[in-house]
Amino acid sequence: MRIAILSRGENLYSTRRMKEAGEARGHVVDIIDTLHCYMDITSSNPTVRYMGAVLPQYDAIIPRIGSSITFYGTAVVRQFEMMGTFSVNESVAISRSRDKLRSLQLLSRKGIGLPRTGFASKPDKIQDLIKNVGGAPLVIKLLEGTQGIGVVLAETNKAAESVIEAFMGLKANILVQEFIKEAGGADIRCFVVGDKVVAAMKRQAAEGEFRSNLHRGGEAQLVRLTKEERATAINAAKAMGLNLCGVDILQSNNGPVVMEVNSSPGLEGIEKATGKDVADLIFQFIEKKAKPHANKTRGKG
Ligand code: ADP
Ligand code: MG
């Protein structure tokens, strides 16, 4: 097959590993810089142009759209979908995953376990908002944050009130969420490909830190999932419409709760922690699923 990885950097670990794995399975794998793609959207024959020429018809694309280029990146993916190219993750699903509020609403619609979460845009009923998620300690999150930046733990109701007021004063969109203390600064990253969890790791936050992000000094190790955790991850991926994603779960006293679903999960942490060849499994999935016009939305957005 001829497969393109949409990525901003051919030297990024995940991009490199996927190219290697695809080639090892006999595919032609091109790395295409998403921001250098441009499109003719007026013609009835949609194409994607790159470096002065039309790109060949790929059997599949693997979009690795960073959160800073979601808008343009999803437009490029949509163009490929319009051409009938199979995208491992569809553009709409990527857009959903970039908005924490939208994601949580979609997950709640399907009855998936979530931390109690509130959202408000005006500071008039802050105390009620806080009470509604069970009071302090609680977590306040910027809606479009990533890598743990924009996630704050407020230990008292007073602290929560002032942080919420400050964010609202800056016109930032935020979530107010029950703090899952019993998770002990750890979460579980479930790596989903198709309808399976192909690898899972437990990430433990650094000493004195509640955020387990590897970018914040968290450490990862292999973990065995319970049946319930596995089912939660698979259901979350399905609710989001993502074929390739990282579902982050907290172990709460009420069972697994989903914190977020990442549509461009990194391979380095998970492959090193689990010893699994996740990149190879992604290509096995593509070999099974990539047919022209096999995407559900076909660029309808
Ligand atoms: P980001 O998108 O920036 O990674 P997350 O929502 O994943 O934001 O939060 C970052 C980290 O903070 C998580 O990996 C987790 O360790 C911790 N965390 C987030 N929400 C909660 C919560 N409700 N209860 C306990 N810990 C949390
Ligand atoms: Mg996270």
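Key figures
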| quantity | calculated |
| --- | --- |
| Part-to-part distance (alpha-carbon centres) for the stretch 131-179 and the stretch 259-301, which is given in Å | 32 Å |
| Angstrom value of the Kirkwood radius, inverse mean 1/r, which spans all Cα pairs in the stretch 259-301 | 12.8 Å |
| Estimated distance in nm for a label pair at Ser44 and Asn253, the labels positioned 7 Å out from Cα along Cα-to-Cβ | 6.4 nm |
| Where labels lie 7 Å past Cα in the beta-carbon direction, separation of Lys196 and Arg224 in nm | 1.9 nm |
| Rounded accessible area of Arg116 (nearest 10 Å², 1.4 Å probe) | 120 Å² |
| Among the listed pairs Lys141/Lys202; Lys19/Lys100; Lys110/Lys227; Lys202/Lys227, those beyond 26 Å (Cα-Cα) | Lys19/Lys100 |
| Estimated dipole of the chain in Debye, rounded to 20 [Cβ of Lys and Arg +1, of Asp and Glu -1, Cα centre] | 700 debye |
| The chain - percent relative contact order, Cα under 8 Å, separation 6 or more | 20 percent |
| Formal net charge of residues neighbouring Leu267 (Cβ-Cβ distance under 12 Å; K, R +1; D, E -1) | +2 |
| Among Gly148, Gly266, Gly52, residue whose mean-square fluctuation peaks in a GNM of the chain (springs only between Cα atoms under 10 Å) | Gly52 |
| Cα long-axis angle, helix 278-289 against the chain (0 to 90 degrees, to the nearest 10) | 60 degrees |
| Whichever lysines have a C-alpha closer than 18 Å to that of Lys296, once near sequence neighbours (fewer than 8 apart) are set aside | Lys238, Lys288 |
| Kirkwood hydrodynamic radius (C-alpha pairs) into Stokes-Einstein, the stretch 206-301, 4 °C and 1.567 mPa s, D in µm²/s | 83 µm²/s |
| Length-normalised contact order for the stretch 38-96 - Cα pairs under 8 Å, 6+ apart - percent | 33 percent |
| Helix 227-240 vs. the chain, principal-axis angle (Cα, 0 to 90°, nearest 10) | 60 degrees |
| Reference-scaled alpha-carbon Rg (2.2 N^0.38 Å with N residues) for the stretch 1-56 | 1.26 |
| Label-point separation in nm, Gln57 to Glu23, each point 7 Å along Cα→Cβ | 2.6 nm |
| Residues of type aspartates and glutamates that Lys196 reaches as a straight line, Cα spacing below 20 Å, ignoring anything fewer than 8 places off in the same chain | Glu90, Asp187, Glu228, Glu229, Asp248, Glu260, Glu268, Glu271, Asp277, Asp280, Glu287 |
| Hull volume in cubic angstrom per residue (convex hull over the Cα atoms of the chain) | 135 Å³ |
| Angle in degrees between helix 100-109 and the longest Cα principal axis of the chain, rounded to the nearest 10 | 90 degrees |
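The values are calculated or read from the model by the stated rules, or taken from the named source; none is laboratory data. Given the structure is predicted, the values throughout are model-derived calculations rather than measurements. Cβ: placed from backbone, ideal geometry, glycine included. Neighbour counts: every protein chain shown. Areas reflect the complete protein model, heavy atoms only, side chains present, ligands, DNA and RNA absent. Shrake-Rupley method; radii C 1.70, N 1.55, O 1.52, S 1.80 Å.
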